[in-house]
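The values are calculated or read from the model by the stated rules, or taken from the named source; none is laboratory data. Treat the numbers as computed from the prediction; the structure is a model and nothing was measured. Glycine also receives a Cβ, built like all others from the backbone with ideal geometry; neighbour counts cover every protein chain displayed.
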């Protein structure tokens, strides 16, 4: 036997090998997400369509209500539908990430009580699953851009960066909610409300430029504001603008939640097997 | 060869049981209503105190042991003795409340067959998925893939969703993935309880292969004493969360059986207070192994003895019968002593030859009969276990069927062929 890794199990301390374990189990991120994706898409063609229909219909409604009825201004000279779509995609990803990740531990209770691996993998891979749906839904965006013959500018090259921001925002808040959801089993009834509420306070159906200047900093406390504005800026290009102080505030808030979520999750992780 | 690979010191695990809330988990709504309720109660009565006390339940307490490389440890104990909790701590599923464990080497645990299998995915996909859950890399699984498939015997069904598998195929596949995980330490919990004899045979055979390599350490929880006897080199007996005994397999199994099953090998009474009636009183009953060892296995000849008083002058006893039953209450035999006994103290004993009883727990009734009428029946006065002997060929480790297992004479000759 060569020089082996020595594992020491004592109460309140399993952190030491955590990063090492995450690395060892890195393929599990992929395996679990892939399990969910392939199981879903195997079961039904509707699985694929659903990822497209949902954001599309919401986009149509928002375009009619906010753009046509309320006659809110679009950004630059972009069509209103495109502006909504650019926001709808990251929002849809964020919303489904929260609901999927918050249920992920309970859905995988059997795994948690019977095998060991860093628990962080479960909610994270459920968010990765949502991310795949998100990438699929770009199909709609492309169709709309073709429909309006809208050429993206070079700004679009920064889109992955904003997608990453959205991922981190979903991960941080998702992890936090996930831990609460294991502890308080009725917390899951609050999550859909939270998501619904978020849809209206985030600039999905309207441009964040209609928010009065003096409130924009406060408005940017919502980390999705930065992600959505970033998406619009990348996709619509000229005409769309980013409110920089708010942008950096949003980044700060995102990382704060990420820190909080991981910390909360890690502190509760050890007792998950006992609570589930 | 003898490095300590698992060292546990004063290991303990407690669960908190709330008296007020019987649910297994908390609901936020309850937390909030309770807070409000308590706050309101405190406003009305400042001395108010929330009486919801949490009771601690120790699933494991003060468990210390050392396991050396290559040891094959059987863990036995009744349900709730802490066996599974111990394996869960060792496999890091749950953390201990106190104490510490040092583990050297990679641990693979198989606490349940088929954890993480997804019914919609094919056999091939599930092998990779389950491998990843158990901590194998893709490369590692690829390397072992052929072996896993061959062991599970699912070659033709690799691309069929496992929801269409028979339960036997499903379990074989699940066991195969876990068994091919390269690890220094293997923790196995009662996986054999779920399968049929064929499955058990395969699993135990595989575990035997693994352990015969010599350098892998196995911890094996089972209620199948035969499997433990044949597979393990040492055993741990857990009782109420503590270690009752760590020793050789035979001595641990004996202690386990005598403590947990309340074996009654011998009983003696004074004349006053002796069981019986106005005609017959029992002085003594005993089952005595006629070998040098105290433990009874299927090869041990036994003597079942009783001493009794006939209390009245004009009573003549015609028969003394020993009725042996197995644990299910089925009668194995009724053996009769034909006699003519009158008032006084008597002793009667029947000898059961070795290589006759099967491995089982037996109870004995003793009948005292006069002219086909029982004067007294001493029910279940003896309870004893007949242990199995380690099987030599290792091909089959399941329960040996049959009420008895007599060694009978066989005739054999070759009739034809080169």
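Across the stretch A:174-198, the number of residues qualifying as in contact with a helix residue (DSSP H, G or I) (Cβ under 6 Å, 6 or more places away or on another chain) and over 18 Å from residue A:272 (Cα atoms) comes to 2.
Just to be sure, is residue B:74 farther than 22 Å from residue B:242 by Cβ and either at pLDDT 85 or above or at the interface with another protein chain (Cβ under 7 Å from one of its Cβ atoms) (or both)? When the stated conditions are applied, residue B:74 does not pass them.
Condition check ((1) in a helix (DSSP H, G or I); (2) surrounded by fewer than 21 Cβ atoms within 10 Å (Cβ to Cβ); (3) at pLDDT 85 or above) across all residues:
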position: B:141; (1), (2), (3): yes, no, yes
position: B:144; (1), (2), (3): yes, yes, yes
position: B:151; (1), (2), (3): yes, yes, yes
position: B:156; (1), (2), (3): yes, yes, yes
position: B:187; (1), (2), (3): no, no, yes
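Annotation for the stretch A:6-17: no member residue is within 30 Å of residue B:12 (Cα to Cα), modelled with pLDDT of 85 or more, assigned to a helix (DSSP H, G or I) and within 11 Å of chain B (Cβ to nearest Cβ). Quick one: would you say residue A:122 is more than 30 Å from residue A:148 (Cβ to Cβ) and within 10 Å of the chain's Cα centre (by Cα)? No; evaluated as a whole, the condition is false for this residue. Scanning the stretch B:51-71 for residues that are within 14 Å of another protein chain (Cβ to nearest Cβ) and free of Cβ contacts under 8 Å to residues at least 60 places away in the same chain yields B:54, B:56, B:57. As a summary of the residue check, residue B:366 satisfies the conditions (1) closer than 30 Å to residue B:223 by Cβ; (2) in contact (Cβ under 8 Å) with a residue 60 or more places away in the chain except for the one numbered (1).
Reported count of residues in the stretch B:351-363, each being farther than 14 Å from residue B:300 by Cα and at pLDDT 90 or above, is 0. In this structure, does residue B:86 turn out to be over 24 Å from residue B:199 (Cα atoms) and either more than 7 Å from chain A (Cβ to nearest Cβ) or free of Cβ contacts under 8 Å to residues at least 12 places away in the same chain (or both)? Judged against the criteria, residue B:86 is a match. Restricting attention to the stretch A:19-33 and to residues that are assigned to a helix (DSSP H, G or I) and at the interface with chain B (Cβ under 7 Å from one of its Cβ atoms), the residue that is surrounded by the most Cβ atoms within 10 Å (Cβ to Cβ) turns out to be A:28. Pairs meeting the criteria (first residue in the stretch B:301-315 and under 14 Å from residue B:289 (Cα atoms), second residue part of a loop (DSSP other than H, G, I, E, B) and at pLDDT below 90, beta carbons under 8 Å, at least 6 apart or on different chains) are B:301/B:290; B:301/B:291; B:302/B:290; B:302/B:296; B:303/B:290. When each of A:232, A:216 is tested for being within 24 Å of residue A:74 (Cα to Cα), touching a helix residue (DSSP H, G or I) at 6+ places or on another chain (Cβ under 7 Å), away from chain B (no Cβ under 14 Å) and surrounded by fewer than 22 Cβ atoms within 10 Å (Cβ to Cβ), the lone residue that passes is A:216. Looking at A:140, A:127, just one residue is assigned to a helix (DSSP H, G or I), closer than 13 Å to residue A:235 by Cβ and touching a helix residue (DSSP H, G or I) at 6+ places or on another chain (Cβ under 8 Å), and that residue is A:140. Scanning the stretch B:89-124 for residues being within 7 Å of chain A (Cβ to nearest Cβ), outside any loop (DSSP other than H, G, I, E, B) and over 26 Å from the mean Cα position of the chain (by Cα) gives a total of 4.
Against the numbered list (1) within 23 Å of the chain's Cα centre (by Cα); (2) within 13 Å of chain B (Cβ to nearest Cβ), residue A:90 comes up short only at (2). Taking residue B:179 as the residue in question, decide whether it is more than 14 Å from chain A (Cβ to nearest Cβ), within 27 Å of the chain's Cα centre (by Cα), modelled with pLDDT of 85 or more and surrounded by 23 or more Cβ atoms within 10 Å (Cβ to Cβ). No: the conditions fail for residue B:179.
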